[in-house]
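One structure is given here, and the rest of the page talks about it.
The values are calculated or read from the model by the stated rules, or taken from the named source; none is laboratory data. Note that the structure is a prediction, hence the values are computed from the model and not measured. Positions of Cβ are generated from backbone atoms using ideal geometry, with glycine treated the same way; all protein chains shown enter the neighbour counts.
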Amino acid sequence: MTSLPQSTNKALGLVIDLDTCVGCHACVVNCKEWNTGGYGAPLADLDPYGAEPEGSWLNRIHTFEVSPADAPASIVHFPKSCLHCADAPCVTVCPTGASYKREEDGIVLVDEDMCIGCGLCAWSCPYGAREMDPVENVMKKCTLCVDRIYNENIPEVDREPACVRTCPAGARHFGDFADPNSNVSQLVSERGGFDLMPEMGTSPVNKYLPPRPKTKPSSCGSATPLTAAQPKAGGLLGWLDQALEKLG
Amino acid sequence: MHPAISVIFFTVMSGAGFGLMAMIGVGVPLPGGLLAAFLIPLLAGGLAVAGLIASTFHLGHPERAWRAFSQWRSSWLSREGCASVITLLLFGLYTLIWMVTGERALWLGLLIAAGSLVTVYTTAMIYAQLKTVPHWHTGLTPTCYLVFSLTCGYVLATGLSGFVVSNSDAAGLAVLAIALAWIVKYMWWKHAENASLADSGSTMETATGLGNIGKVRLLERPHTGENYLTREMVHVVGRKHAAKLRKIALLLGAALPLLITLAVWAFTASTLWMVFAFLALMAGLFVERWLFFAEAEHAVSLYYGGPQG
(Lines give C-alpha, C1' and ligand atoms only; values in the text may rest on other atoms or scores of the structure.)
Protein backbone atom coordinates (compact mmCIF):
# COMPACT_ATOMS: atom_id res chain seq x y z
CA MET A 1 0.00 0.00 0.00
CA THR A 2 1.47 3.32 -1.00
CA SER A 3 -0.11 5.28 1.80
CA LEU A 4 2.53 6.60 4.17
CA PRO A 5 2.82 5.13 7.67
CA GLN A 6 1.39 7.40 10.40
CA SER A 7 4.72 7.28 12.17
CA THR A 8 7.84 5.17 12.01
CA ASN A 9 9.49 3.42 14.96
CA LYS A 10 12.87 4.65 13.85
CA ALA A 11 13.83 7.42 11.44
CA LEU A 12 17.04 6.16 9.92
CA GLY A 13 18.93 8.59 7.74
CA LEU A 14 22.10 10.51 7.06
CA VAL A 15 23.69 13.69 8.22
CA ILE A 16 25.84 15.25 5.52
CA ASP A 17 28.44 17.74 6.65
CA LEU A 18 28.91 20.38 3.95
CA ASP A 19 31.81 21.83 5.94
CA THR A 20 33.82 18.63 5.75
CA CYS A 21 32.95 17.19 2.35
CA VAL A 22 35.91 17.51 0.01
CA GLY A 23 34.01 16.47 -3.10
CA CYS A 24 36.13 13.38 -3.80
CA HIS A 25 33.14 11.32 -5.06
CA ALA A 26 34.33 8.26 -3.10
CA CYS A 27 30.83 7.87 -1.62
CA VAL A 28 29.36 7.98 -5.14
CA VAL A 29 31.70 5.25 -6.35
CA ASN A 30 31.28 3.01 -3.33
CA CYS A 31 27.49 3.46 -3.48
CA LYS A 32 27.47 2.32 -7.09
CA GLU A 33 29.87 -0.52 -6.36
CA TRP A 34 27.80 -1.90 -3.48
CA ASN A 35 24.37 -1.33 -4.95
CA THR A 36 25.08 -2.67 -8.41
CA GLY A 37 25.58 -6.08 -6.86
CA GLY A 38 23.20 -5.91 -3.92
CA TYR A 39 19.56 -4.93 -3.59
CA GLY A 40 17.52 -5.24 -6.78
CA ALA A 41 18.65 -4.95 -10.37
CA PRO A 42 22.20 -3.82 -11.17
CA LEU A 43 22.78 -0.09 -11.66
CA ALA A 44 23.33 0.05 -15.39
CA ASP A 45 25.69 2.26 -17.35
CA LEU A 46 25.33 3.09 -21.02
CA ASP A 47 28.43 3.76 -23.09
CA PRO A 48 30.62 3.66 -19.95
CA TYR A 49 33.93 4.03 -21.80
CA GLY A 50 32.62 6.00 -24.75
CA ALA A 51 32.12 9.66 -25.51
CA GLU A 52 28.79 10.04 -23.72
CA PRO A 53 28.70 7.81 -20.68
CA GLU A 54 25.59 7.84 -18.52
CA GLY A 55 23.84 5.56 -16.12
CA SER A 56 21.81 5.29 -12.97
CA TRP A 57 23.40 6.35 -9.70
CA LEU A 58 21.87 6.65 -6.25
CA ASN A 59 24.16 9.35 -4.96
CA ARG A 60 25.70 12.29 -6.77
CA ILE A 61 27.95 15.19 -5.79
CA HIS A 62 27.11 18.63 -7.09
CA THR A 63 29.52 21.51 -6.55
CA PHE A 64 28.21 24.97 -5.79
CA GLU A 65 29.83 28.35 -5.40
CA VAL A 66 28.44 30.56 -2.64
CA SER A 67 29.17 34.28 -2.81
CA PRO A 68 28.65 36.24 0.40
CA ALA A 69 28.10 39.97 -0.08
CA ASP A 70 31.21 40.96 1.88
CA ALA A 71 33.66 38.12 1.41
CA PRO A 72 35.21 36.06 -1.35
CA ALA A 73 33.18 33.21 -2.83
CA SER A 74 33.61 29.74 -1.40
CA ILE A 75 33.13 26.30 -2.88
CA VAL A 76 30.68 23.84 -1.33
CA HIS A 77 30.65 20.22 -2.42
CA PHE A 78 27.13 18.95 -2.14
CA PRO A 79 26.37 15.22 -1.94
CA LYS A 80 22.77 14.37 -2.71
CA SER A 81 20.87 11.12 -2.38
CA CYS A 82 17.39 10.13 -1.20
CA LEU A 83 16.42 12.04 1.96
CA HIS A 84 13.92 9.34 3.08
CA CYS A 85 11.29 12.02 3.68
CA ALA A 86 8.71 11.56 6.43
CA ASP A 87 6.10 12.97 4.06
CA ALA A 88 7.44 11.36 0.90
CA PRO A 89 5.44 12.41 -2.19
CA CYS A 90 7.17 9.67 -4.24
CA VAL A 91 5.37 7.05 -2.16
CA THR A 92 1.82 8.35 -2.41
CA VAL A 93 1.93 9.04 -6.17
CA CYS A 94 2.95 5.44 -6.97
CA PRO A 95 0.05 3.71 -8.75
CA THR A 96 1.21 0.14 -8.09
CA GLY A 97 2.38 0.06 -4.51
CA ALA A 98 5.97 -0.52 -5.64
CA SER A 99 7.13 2.56 -3.77
CA TYR A 100 6.80 2.37 -0.01
CA LYS A 101 8.07 3.70 3.29
CA ARG A 102 8.87 1.16 5.98
CA GLU A 103 7.09 1.55 9.27
CA GLU A 104 9.91 -0.02 11.27
CA ASP A 105 12.74 2.30 10.25
CA GLY A 106 11.37 4.88 7.81
CA ILE A 107 13.46 3.75 4.85
CA VAL A 108 11.83 4.51 1.48
CA LEU A 109 12.22 1.60 -0.92
CA VAL A 110 11.06 0.42 -4.35
CA ASP A 111 9.83 -3.11 -4.92
CA GLU A 112 11.32 -3.42 -8.39
CA ASP A 113 9.15 -6.37 -9.38
CA MET A 114 6.05 -4.21 -8.97
CA CYS A 115 7.46 -1.06 -10.60
CA ILE A 116 5.90 -0.26 -13.99
CA GLY A 117 8.49 2.43 -14.72
CA CYS A 118 6.00 5.27 -15.11
CA GLY A 119 8.45 7.75 -13.61
CA LEU A 120 5.82 9.69 -11.66
CA CYS A 121 7.70 9.20 -8.37
CA ALA A 122 10.76 10.84 -9.91
CA TRP A 123 8.58 13.74 -11.07
CA SER A 124 7.19 14.17 -7.57
CA CYS A 125 10.62 14.28 -5.91
CA PRO A 126 12.06 17.81 -5.64
CA TYR A 127 15.54 16.47 -4.93
CA GLY A 128 16.17 14.30 -7.98
CA ALA A 129 16.72 11.31 -5.73
CA ARG A 130 15.21 8.77 -8.11
CA GLU A 131 16.60 7.69 -11.44
CA MET A 132 15.14 5.24 -13.94
CA ASP A 133 17.53 2.42 -14.70
CA PRO A 134 18.25 2.62 -18.44
CA VAL A 135 18.45 -1.15 -18.86
CA GLU A 136 15.98 -2.60 -16.35
CA ASN A 137 13.47 0.27 -16.79
CA VAL A 138 12.60 0.30 -13.11
CA MET A 139 13.05 3.13 -10.65
CA LYS A 140 16.28 3.08 -8.65
CA LYS A 141 16.91 4.95 -5.44
CA CYS A 142 19.03 4.96 -2.30
CA THR A 143 18.06 2.05 -0.03
CA LEU A 144 20.14 3.40 2.84
CA CYS A 145 22.03 0.16 2.19
CA VAL A 146 19.25 -1.83 3.76
CA ASP A 147 21.23 -4.95 2.82
CA ARG A 148 24.25 -3.79 4.85
CA ILE A 149 22.87 -2.12 7.95
CA TYR A 150 21.10 -5.24 9.26
CA ASN A 151 23.48 -7.74 7.66
CA GLU A 152 24.89 -10.07 10.26
CA ASN A 153 27.15 -11.75 7.72
CA ILE A 154 29.45 -8.76 7.54
CA PRO A 155 31.61 -7.33 10.34
CA GLU A 156 29.73 -4.98 12.64
CA VAL A 157 31.88 -2.03 11.63
CA ASP A 158 30.60 -2.39 8.05
CA ARG A 159 26.93 -2.30 9.04
CA GLU A 160 26.35 1.23 7.85
CA PRO A 161 25.60 2.62 4.38
CA ALA A 162 28.45 2.21 1.89
CA CYS A 163 28.75 5.98 1.40
CA VAL A 164 29.21 6.57 5.13
CA ARG A 165 31.65 3.69 5.51
CA THR A 166 33.85 4.92 2.69
CA CYS A 167 33.90 8.70 3.26
CA PRO A 168 37.55 9.55 3.89
CA ALA A 169 36.68 12.95 5.33
CA GLY A 170 34.05 11.79 7.83
CA ALA A 171 31.49 14.04 6.20
CA ARG A 172 28.67 11.49 6.33
CA HIS A 173 26.97 10.12 9.43
CA PHE A 174 24.32 7.45 9.75
CA GLY A 175 21.85 7.03 12.59
CA ASP A 176 18.35 7.22 14.00
CA PHE A 177 16.79 10.68 14.03
CA ALA A 178 13.88 9.44 16.14
CA ASP A 179 16.30 9.05 19.04
CA PRO A 180 17.23 12.50 20.38
CA ASN A 181 20.45 11.11 21.88
CA SER A 182 21.72 9.49 18.69
CA ASN A 183 24.92 10.72 17.06
CA VAL A 184 22.96 12.21 14.16
CA SER A 185 20.42 14.02 16.36
CA GLN A 186 23.27 15.46 18.44
CA LEU A 187 25.11 16.65 15.35
CA VAL A 188 21.98 18.32 14.00
CA SER A 189 21.32 20.19 17.23
CA GLU A 190 24.97 21.18 17.76
CA ARG A 191 25.69 22.32 14.24
CA GLY A 192 22.30 23.66 13.14
CA GLY A 193 21.40 20.91 10.68
CA PHE A 194 18.82 21.94 8.10
CA ASP A 195 16.33 20.56 5.57
CA LEU A 196 16.63 20.98 1.82
CA MET A 197 13.71 22.87 0.25
CA PRO A 198 11.51 22.85 3.38
CA GLU A 199 8.88 24.73 1.35
CA MET A 200 8.11 21.50 -0.51
CA GLY A 201 6.59 20.08 2.66
CA THR A 202 8.39 16.75 2.35
CA SER A 203 9.88 16.71 5.90
CA PRO A 204 13.14 15.09 4.86
CA VAL A 205 14.81 12.81 7.40
CA ASN A 206 18.34 13.44 6.09
CA LYS A 207 19.85 16.65 7.35
CA TYR A 208 22.67 18.84 6.08
CA LEU A 209 25.20 20.65 8.28
CA PRO A 210 26.15 24.13 7.07
CA PRO A 211 29.74 25.08 6.24
CA ARG A 212 31.36 26.67 9.31
CA PRO A 213 31.79 30.45 9.03
CA LYS A 214 34.94 31.38 7.15
CA THR A 215 37.54 33.65 8.73
CA LYS A 216 37.38 36.92 6.89
CA PRO A 217 40.75 38.32 5.64
CA SER A 218 39.97 41.79 7.06
CA SER A 219 39.61 40.42 10.58
CA CYS A 220 43.13 38.91 10.54
CA GLY A 221 44.92 42.28 11.08
CA SER A 222 47.63 43.63 8.83
CA ALA A 223 51.08 42.07 8.57
CA THR A 224 54.25 43.74 7.26
CA PRO A 225 55.47 41.91 4.23
CA LEU A 226 59.01 40.55 4.56
CA THR A 227 61.69 41.92 2.27
CA ALA A 228 63.68 39.46 0.29
CA ALA A 229 67.13 38.66 1.78
CA GLN A 230 70.04 40.32 -0.08
CA PRO A 231 72.98 37.95 -0.35
CA LYS A 232 76.44 39.64 0.05
CA ALA A 233 78.59 39.17 -2.96
CA GLY A 234 82.38 38.74 -2.53
CA GLY A 235 85.46 38.63 -4.83
CA LEU A 236 85.39 40.35 -8.20
CA LEU A 237 81.61 40.67 -8.18
CA GLY A 238 81.72 42.25 -4.72
CA TRP A 239 84.36 44.81 -5.83
CA LEU A 240 82.33 45.55 -8.96
CA ASP A 241 79.16 45.98 -6.87
CA GLN A 242 80.88 48.41 -4.49
CA ALA A 243 82.54 50.32 -7.33
CA LEU A 244 79.28 50.76 -9.18
CA GLU A 245 77.47 51.83 -5.97
CA LYS A 246 80.09 54.60 -5.51
CA LEU A 247 79.50 55.85 -9.02
CA GLY A 248 75.93 56.64 -7.85
CA MET B 1 9.69 18.84 -18.40
CA HIS B 2 10.34 16.55 -21.32
CA PRO B 3 7.30 16.67 -23.64
CA ALA B 4 6.90 12.93 -24.31
CA ILE B 5 4.77 12.28 -27.39
CA SER B 6 3.05 9.33 -25.70
CA VAL B 7 1.82 11.46 -22.81
CA ILE B 8 0.72 14.35 -25.06
CA PHE B 9 -1.19 11.90 -27.23
CA PHE B 10 -2.69 10.27 -24.13
CA THR B 11 -4.02 13.47 -22.55
CA VAL B 12 -5.38 14.99 -25.78
CA MET B 13 -6.94 11.86 -27.27
CA SER B 14 -8.44 10.39 -24.13
CA GLY B 15 -9.65 13.87 -23.14
CA ALA B 16 -11.57 14.11 -26.42
CA GLY B 17 -12.80 10.51 -26.17
CA PHE B 18 -14.19 10.90 -22.67
CA GLY B 19 -15.63 14.29 -23.64
CA LEU B 20 -17.53 12.66 -26.49
CA MET B 21 -18.66 9.84 -24.22
CA ALA B 22 -20.03 12.44 -21.80
CA MET B 23 -21.93 14.14 -24.64
CA ILE B 24 -23.34 10.85 -25.89
CA GLY B 25 -24.29 10.05 -22.30
CA VAL B 26 -26.22 13.26 -21.65
CA GLY B 27 -28.22 12.65 -24.81
CA VAL B 28 -26.91 15.03 -27.47
CA PRO B 29 -28.99 14.23 -30.62
CA LEU B 30 -27.14 11.72 -32.77
CA PRO B 31 -27.98 9.56 -35.78
CA GLY B 32 -29.96 6.41 -35.02
CA GLY B 33 -29.77 2.93 -36.47
CA LEU B 34 -27.52 0.00 -35.78
CA LEU B 35 -24.56 1.34 -37.74
CA ALA B 36 -24.54 4.67 -35.90
CA ALA B 37 -25.03 2.87 -32.59
CA PHE B 38 -21.88 0.95 -33.40
CA LEU B 39 -19.67 3.54 -35.11
CA ILE B 40 -20.24 6.55 -32.84
CA PRO B 41 -19.40 4.69 -29.61
CA LEU B 42 -16.48 3.12 -31.48
CA LEU B 43 -15.17 6.60 -32.24
CA ALA B 44 -15.58 7.80 -28.64
CA GLY B 45 -14.22 4.64 -27.08
CA GLY B 46 -11.52 4.45 -29.75
CA LEU B 47 -10.24 7.94 -28.94
CA ALA B 48 -10.20 7.15 -25.21
CA VAL B 49 -8.60 3.75 -25.62
CA ALA B 50 -6.03 4.99 -28.15
CA GLY B 51 -5.01 7.62 -25.61
CA LEU B 52 -4.82 5.09 -22.78
CA ILE B 53 -2.77 2.68 -24.88
CA ALA B 54 -0.43 5.52 -25.87
CA SER B 55 0.10 6.23 -22.17
CA THR B 56 1.45 2.72 -21.67
CA PHE B 57 4.21 3.45 -24.20
CA HIS B 58 5.53 5.83 -21.57
CA LEU B 59 6.02 2.93 -19.16
CA GLY B 60 9.21 1.01 -18.60
CA HIS B 61 7.18 -2.16 -18.03
CA PRO B 62 3.82 -1.91 -19.86
CA GLU B 63 3.18 -5.60 -19.19
CA ARG B 64 2.79 -4.74 -15.51
CA ALA B 65 0.32 -1.89 -16.16
CA TRP B 66 -2.52 -3.87 -14.54
CA ARG B 67 -0.82 -3.30 -11.20
CA ALA B 68 -1.72 0.38 -11.48
CA PHE B 69 -5.34 -0.37 -10.53
CA SER B 70 -4.40 -1.22 -6.96
CA GLN B 71 -3.50 2.08 -5.27
CA TRP B 72 -6.62 4.18 -5.86
CA ARG B 73 -6.69 5.14 -2.19
CA SER B 74 -3.54 7.24 -2.47
CA SER B 75 -2.48 7.68 -6.10
CA TRP B 76 -4.11 9.91 -8.74
CA LEU B 77 -2.53 7.85 -11.50
CA SER B 78 -4.12 4.72 -10.10
CA ARG B 79 -7.47 6.53 -9.72
CA GLU B 80 -7.22 7.59 -13.35
CA GLY B 81 -6.70 3.98 -14.39
CA CYS B 82 -9.67 2.76 -12.35
CA ALA B 83 -12.01 5.59 -13.38
CA SER B 84 -11.20 5.15 -17.07
CA VAL B 85 -11.77 1.40 -17.05
CA ILE B 86 -15.03 1.64 -15.06
CA THR B 87 -16.33 4.38 -17.39
CA LEU B 88 -15.32 2.40 -20.47
CA LEU B 89 -17.05 -0.73 -19.15
CA LEU B 90 -20.25 1.24 -18.47
CA PHE B 91 -19.95 2.76 -21.93
CA GLY B 92 -19.63 -0.73 -23.42
CA LEU B 93 -22.87 -1.71 -21.70
CA TYR B 94 -24.54 1.51 -22.92
CA THR B 95 -23.43 0.77 -26.47
CA LEU B 96 -24.77 -2.77 -26.24
CA ILE B 97 -28.17 -1.52 -25.04
CA TRP B 98 -28.16 1.11 -27.80
CA MET B 99 -27.34 -1.45 -30.48
CA VAL B 100 -29.86 -4.02 -29.28
CA THR B 101 -32.82 -1.82 -28.35
CA GLY B 102 -32.09 1.26 -30.46
CA GLU B 103 -32.63 3.31 -27.27
CA ARG B 104 -30.04 5.39 -25.47
CA ALA B 105 -30.45 4.71 -21.76
CA LEU B 106 -30.32 8.13 -20.13
CA TRP B 107 -29.75 6.91 -16.56
CA LEU B 108 -26.69 4.97 -17.68
CA GLY B 109 -25.63 7.82 -19.93
CA LEU B 110 -25.61 10.26 -17.01
CA LEU B 111 -23.51 7.82 -15.02
CA ILE B 112 -21.07 7.63 -17.95
CA ALA B 113 -20.96 11.43 -18.21
CA ALA B 114 -20.09 11.61 -14.51
CA GLY B 115 -17.49 8.86 -14.95
CA SER B 116 -15.97 10.70 -17.90
CA LEU B 117 -15.66 13.90 -15.89
CA VAL B 118 -14.07 12.02 -13.01
CA THR B 119 -11.62 10.33 -15.41
CA VAL B 120 -10.53 13.61 -17.00
CA TYR B 121 -10.25 15.20 -13.56
CA THR B 122 -8.03 12.39 -12.31
CA THR B 123 -5.88 12.66 -15.45
CA ALA B 124 -5.32 16.34 -14.75
CA MET B 125 -4.63 15.69 -11.07
CA ILE B 126 -1.68 13.44 -12.00
CA TYR B 127 0.00 16.71 -13.00
CA ALA B 128 -1.77 19.21 -10.75
CA GLN B 129 -0.78 17.31 -7.60
CA LEU B 130 2.95 17.86 -8.21
CA LYS B 131 4.34 20.58 -5.95
CA THR B 132 7.63 20.15 -7.77
CA VAL B 133 6.14 21.70 -10.92
CA PRO B 134 4.57 25.03 -9.87
CA HIS B 135 3.11 25.66 -13.36
CA TRP B 136 0.88 22.62 -12.93
CA HIS B 137 0.19 22.85 -9.21
CA THR B 138 -3.08 24.78 -9.47
CA GLY B 139 -6.79 24.12 -9.61
CA LEU B 140 -6.73 25.72 -13.05
CA THR B 141 -5.02 22.62 -14.45
CA PRO B 142 -8.00 20.26 -13.93
CA THR B 143 -10.34 23.09 -14.98
CA CYS B 144 -8.43 23.40 -18.25
CA TYR B 145 -8.44 19.66 -18.88
CA LEU B 146 -12.17 19.46 -18.16
CA VAL B 147 -13.24 22.38 -20.36
CA PHE B 148 -11.09 21.17 -23.25
CA SER B 149 -12.40 17.63 -22.91
CA LEU B 150 -16.03 18.78 -22.85
CA THR B 151 -15.48 21.26 -25.68
CA CYS B 152 -13.84 18.60 -27.88
CA GLY B 153 -16.68 16.23 -27.08
CA TYR B 154 -19.36 18.82 -27.74
CA VAL B 155 -17.87 20.07 -31.02
CA LEU B 156 -17.48 16.51 -32.31
CA ALA B 157 -20.93 15.42 -31.11
CA THR B 158 -22.51 18.46 -32.75
CA GLY B 159 -20.62 17.66 -35.93
CA LEU B 160 -21.91 14.09 -35.90
CA SER B 161 -25.45 15.24 -35.16
CA GLY B 162 -25.30 17.01 -38.56
CA PHE B 163 -26.17 13.68 -40.14
CA VAL B 164 -29.71 13.85 -38.72
CA VAL B 165 -30.59 17.34 -37.58
CA SER B 166 -29.62 20.78 -38.70
CA ASN B 167 -29.32 22.66 -35.48
CA SER B 168 -27.26 25.78 -35.89
CA ASP B 169 -28.08 26.79 -32.31
CA ALA B 170 -25.82 23.94 -31.28
CA ALA B 171 -23.08 25.64 -33.30
CA GLY B 172 -23.76 28.83 -31.37
CA LEU B 173 -23.26 26.97 -28.13
CA ALA B 174 -20.06 25.44 -29.53
CA VAL B 175 -18.74 28.95 -30.21
CA LEU B 176 -19.26 29.73 -26.55
CA ALA B 177 -17.67 26.46 -25.47
CA ILE B 178 -14.54 26.98 -27.59
CA ALA B 179 -14.20 30.58 -26.43
CA LEU B 180 -14.71 29.62 -22.79
CA ALA B 181 -12.15 26.82 -23.02
CA TRP B 182 -9.49 29.16 -24.36
CA ILE B 183 -10.36 31.83 -21.80
CA VAL B 184 -9.65 29.25 -19.09
CA LYS B 185 -6.43 28.35 -20.87
CA TYR B 186 -5.51 32.04 -21.03
CA MET B 187 -6.06 32.22 -17.27
CA TRP B 188 -3.81 29.18 -16.89
CA TRP B 189 -1.11 30.87 -18.97
CA LYS B 190 -1.47 34.02 -16.83
CA HIS B 191 -1.11 31.85 -13.74
CA ALA B 192 1.97 30.17 -15.24
CA GLU B 193 3.63 33.54 -15.79
CA ASN B 194 3.60 34.05 -12.03
CA ALA B 195 4.28 30.46 -11.09
CA SER B 196 7.97 30.07 -11.70
CA LEU B 197 9.97 28.09 -9.17
CA ALA B 198 11.20 31.38 -7.72
CA ASP B 199 7.62 32.64 -7.37
CA SER B 200 6.72 29.53 -5.42
CA GLY B 201 9.64 30.15 -3.07
CA SER B 202 12.15 27.60 -4.37
CA THR B 203 15.56 28.84 -5.42
CA MET B 204 19.06 27.44 -5.60
CA GLU B 205 19.47 28.96 -2.15
CA THR B 206 16.61 26.94 -0.62
CA ALA B 207 17.59 23.86 -2.61
CA THR B 208 21.08 23.90 -1.12
CA GLY B 209 20.19 25.54 2.17
CA LEU B 210 23.15 27.87 1.65
CA GLY B 211 21.12 31.02 1.13
CA ASN B 212 22.04 32.55 4.47
CA ILE B 213 25.70 32.57 3.42
CA GLY B 214 25.19 34.20 0.06
CA LYS B 215 24.18 33.86 -3.55
CA VAL B 216 24.49 30.31 -4.86
CA ARG B 217 25.50 29.21 -8.33
CA LEU B 218 26.31 25.81 -9.76
CA LEU B 219 30.02 25.38 -10.32
CA GLU B 220 30.12 21.77 -11.48
CA ARG B 221 27.48 19.23 -12.35
CA PRO B 222 27.94 15.82 -10.72
CA HIS B 223 28.61 14.23 -14.11
CA THR B 224 29.82 15.27 -17.54
CA GLY B 225 26.99 13.83 -19.62
CA GLU B 226 23.23 13.73 -19.34
CA ASN B 227 21.25 11.59 -16.94
CA TYR B 228 17.62 10.56 -16.50
CA LEU B 229 16.90 13.67 -14.44
CA THR B 230 18.38 16.17 -16.86
CA ARG B 231 16.65 14.63 -19.86
CA GLU B 232 13.29 14.18 -18.14
CA MET B 233 13.07 17.25 -15.91
CA VAL B 234 15.74 19.78 -16.79
CA HIS B 235 14.50 19.93 -20.36
CA VAL B 236 14.89 23.48 -21.69
CA VAL B 237 15.23 23.02 -25.44
CA GLY B 238 11.45 22.83 -25.89
CA ARG B 239 10.95 26.34 -24.54
CA LYS B 240 12.92 27.98 -27.32
CA HIS B 241 9.96 28.51 -29.63
CA ALA B 242 7.31 28.78 -26.91
CA ALA B 243 5.90 32.14 -28.04
CA LYS B 244 5.57 31.00 -31.66
CA LEU B 245 4.03 27.69 -30.64
CA ARG B 246 1.50 29.47 -28.46
CA LYS B 247 0.40 31.47 -31.50
CA ILE B 248 0.14 28.28 -33.56
CA ALA B 249 -1.93 26.64 -30.81
CA LEU B 250 -4.29 29.61 -30.73
CA LEU B 251 -4.55 29.75 -34.50
CA LEU B 252 -5.29 26.04 -34.93
CA GLY B 253 -7.14 25.39 -31.71
CA ALA B 254 -9.07 28.62 -31.20
CA ALA B 255 -9.26 30.86 -34.30
CA LEU B 256 -9.90 28.17 -36.90
CA PRO B 257 -12.59 26.20 -35.01
CA LEU B 258 -14.25 29.46 -33.97
CA LEU B 259 -14.31 30.62 -37.59
CA ILE B 260 -15.82 27.35 -38.82
CA THR B 261 -18.34 27.18 -36.01
CA LEU B 262 -19.33 30.84 -36.38
CA ALA B 263 -19.82 30.31 -40.11
CA VAL B 264 -22.03 27.27 -39.46
CA TRP B 265 -24.05 29.29 -36.98
CA ALA B 266 -24.31 32.46 -39.09
CA PHE B 267 -25.19 30.69 -42.36
CA THR B 268 -27.26 27.96 -40.64
CA ALA B 269 -25.11 25.49 -42.52
CA SER B 270 -24.96 21.78 -41.76
CA THR B 271 -23.26 21.12 -38.44
CA LEU B 272 -21.36 18.35 -40.23
CA TRP B 273 -18.81 21.06 -41.00
CA MET B 274 -18.00 21.11 -37.33
CA VAL B 275 -16.08 17.88 -37.71
CA PHE B 276 -13.41 20.08 -39.30
CA ALA B 277 -13.63 22.45 -36.35
CA PHE B 278 -13.00 19.41 -34.14
CA LEU B 279 -9.94 18.37 -36.17
CA ALA B 280 -8.48 21.89 -35.96
CA LEU B 281 -9.21 22.02 -32.24
CA MET B 282 -7.40 18.73 -31.72
CA ALA B 283 -4.39 19.92 -33.73
CA GLY B 284 -4.26 23.05 -31.60
CA LEU B 285 -4.52 21.00 -28.42
CA PHE B 286 -1.53 18.86 -29.41
CA VAL B 287 0.53 22.04 -29.59
CA GLU B 288 -1.01 23.38 -26.36
CA ARG B 289 -0.23 20.12 -24.56
CA TRP B 290 3.30 20.10 -25.92
CA LEU B 291 3.81 23.52 -24.33
CA PHE B 292 2.14 22.34 -21.09
CA PHE B 293 5.06 19.95 -20.65
CA ALA B 294 7.89 21.79 -22.35
CA GLU B 295 7.38 25.07 -20.49
CA ALA B 296 7.03 23.53 -17.04
CA GLU B 297 9.94 24.03 -14.68
CA HIS B 298 10.81 21.24 -12.27
CA ALA B 299 12.36 21.86 -8.84
CA VAL B 300 15.21 19.44 -9.53
CA SER B 301 16.55 21.84 -12.15
CA LEU B 302 17.73 23.98 -9.21
CA TYR B 303 20.43 21.38 -8.59
CA TYR B 304 21.50 21.57 -12.21
CA GLY B 305 22.06 25.30 -12.58
CA GLY B 306 18.50 26.62 -12.38
CA PRO B 307 15.42 26.33 -14.57
CA GLN B 308 17.02 28.34 -17.36
CA GLY B 309 19.83 25.78 -17.62
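Quick notes on this one:
- Residue match in the stretch B:6-18 (condition: over 29 Å from residue B:287 (Cβ atoms) and surrounded by fewer than 17 Cβ atoms within 10 Å (Cβ to Cβ)): no
Every residue, every condition in (1) more than 30 Å from residue B:66 (Cβ to Cβ); (2) touching a residue at least 60 places away in the same chain (Cβ under 8 Å); (3) in a loop (DSSP other than H, G, I, E, B), yes or no:
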| site | (1), (2), (3) |
| --- | --- |
| A:50 | yes, no, yes |
| A:61 | yes, no, no |
| A:65 | yes, no, no |
| A:69 | yes, no, yes |
| A:77 | yes, no, no |
| A:90 | no, no, no |
| A:94 | no, yes, yes |
| A:100 | no, yes, no |
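- The set of residues in the stretch A:102-128 that are in a helix (DSSP H, G or I) and either under 20 Å from residue B:82 (Cβ atoms) or in contact with a Cys (Cβ under 7 Å, 6 or more places away or on another chain) (or both) comprises A:120, A:121, A:124.
- The residues on offer are A:144, A:209, and the sole one that is farther than 27 Å from residue A:44 by Cα and hydrophobic (A, V, I, L, M, F, W, C) is A:209.
- On inspection, residue B:198 fails the criterion of being closer than 24 Å to residue B:81 by Cα, over 16 Å from the mean Cα position of the chain (by Cα) and surrounded by fewer than 23 Cβ atoms within 10 Å (Cβ to Cβ).
- Look at (1) within 14 Å of another protein chain (Cβ to nearest Cβ); (2) β-branched (Val, Ile, Thr); (3) without any contact (Cβ under 8 Å) to a residue 12 or more places away in the chain and you find that residue B:85 fails only one, number (3).
- Which listed residue is under 15 Å from residue B:22 (Cα atoms), touching a Ser or Thr at 6+ places or on another chain (Cβ under 6 Å) and touching a residue at least 60 places away in the same chain (Cβ under 8 Å), from B:151, B:158: B:158
- Within the stretch B:207-309, helices (runs of 4 or more DSSP H) holding 3 or more residues that are closer than 23 Å to residue A:200 by Cα and more than 8 Å from every other protein chain (Cβ to nearest Cβ): B:274-294
- Residue within the stretch A:178-199 that is assigned to a helix (DSSP H, G or I), small (Gly, Ala, Ser) and touching a residue at least 60 places away in the same chain (Cβ under 8 Å) present: no
- Any chance residue A:199 is within 14 Å of another protein chain (Cβ to nearest Cβ), among the charged types (D, E, K, R), out of contact with any Pro (no Cβ under 6 Å at 6 or more places or on another chain) and under 22 Å from residue A:80 (Cβ atoms): yes
- Those residues of the stretch A:96-107 which are within 9 Å of chain B (Cβ to nearest Cβ) and either closer than 22 Å to residue A:208 by Cβ or not hydrophobic (A, V, I, L, M, F, W, C) (or both), in sequence order: A:96, A:97
- Within the stretch B:33-81, being outside any helix (DSSP H, G or I) and either among the acidic types (Asp, Glu) or surrounded by fewer than 21 Cβ atoms within 10 Å (Cβ to Cβ) (or both) holds for B:33, B:57, B:58, B:59, B:60, B:61, B:70, B:72, B:73, B:74.
- Whether a residue is crowded, with 22+ Cβ neighbours inside 10 Å, in a helix (DSSP H, G or I) and not aliphatic (A, V, I, L, M) was assessed, and residue B:132 does not pass this test.
- Filter result for residue B:12 (within 14 Å of chain A (Cβ to nearest Cβ) and touching a residue at least 12 places away in the same chain (Cβ under 8 Å)): no
- Yes/no for residue B:139 being touching a Leu at 6+ places or on another chain (Cβ under 6 Å) and away from chain A (no Cβ under 14 Å): no
- Evaluation of residue B:78 against (1) closer than 30 Å to residue B:292 by Cβ; (2) away from every other protein chain (no Cβ under 14 Å); (3) more than 16 Å from the chain's Cα centre (by Cα) (one fails), failing number: (2)
- Selection status of residue B:200, touching a residue at least 40 places away in the same chain (Cβ under 8 Å) and within 14 Å of chain A (Cβ to nearest Cβ): yes
- Residue in the stretch B:153-173 that is under 24 Å from residue B:242 (Cα atoms), part of a helix (DSSP H, G or I) and not acidic (Asp, Glu) present: no
- In the stretch B:46-67, the residues that are over 18 Å from residue B:17 (Cβ atoms) and under 20 Å from the mean Cα position of the chain (by Cα): B:59
- With respect to being more than 14 Å from chain B (Cβ to nearest Cβ) and modelled with pLDDT of 95 or more, residue A:153 fits the description.
- Only listed residue being facing chain B (nearest Cβ under 8 Å), within 27 Å of residue B:57 (Cβ to Cβ) and touching a strand residue (DSSP E or B) at 6+ places or on another chain (Cβ under 9 Å), chosen from A:110, A:76, A:93, A:135: A:93
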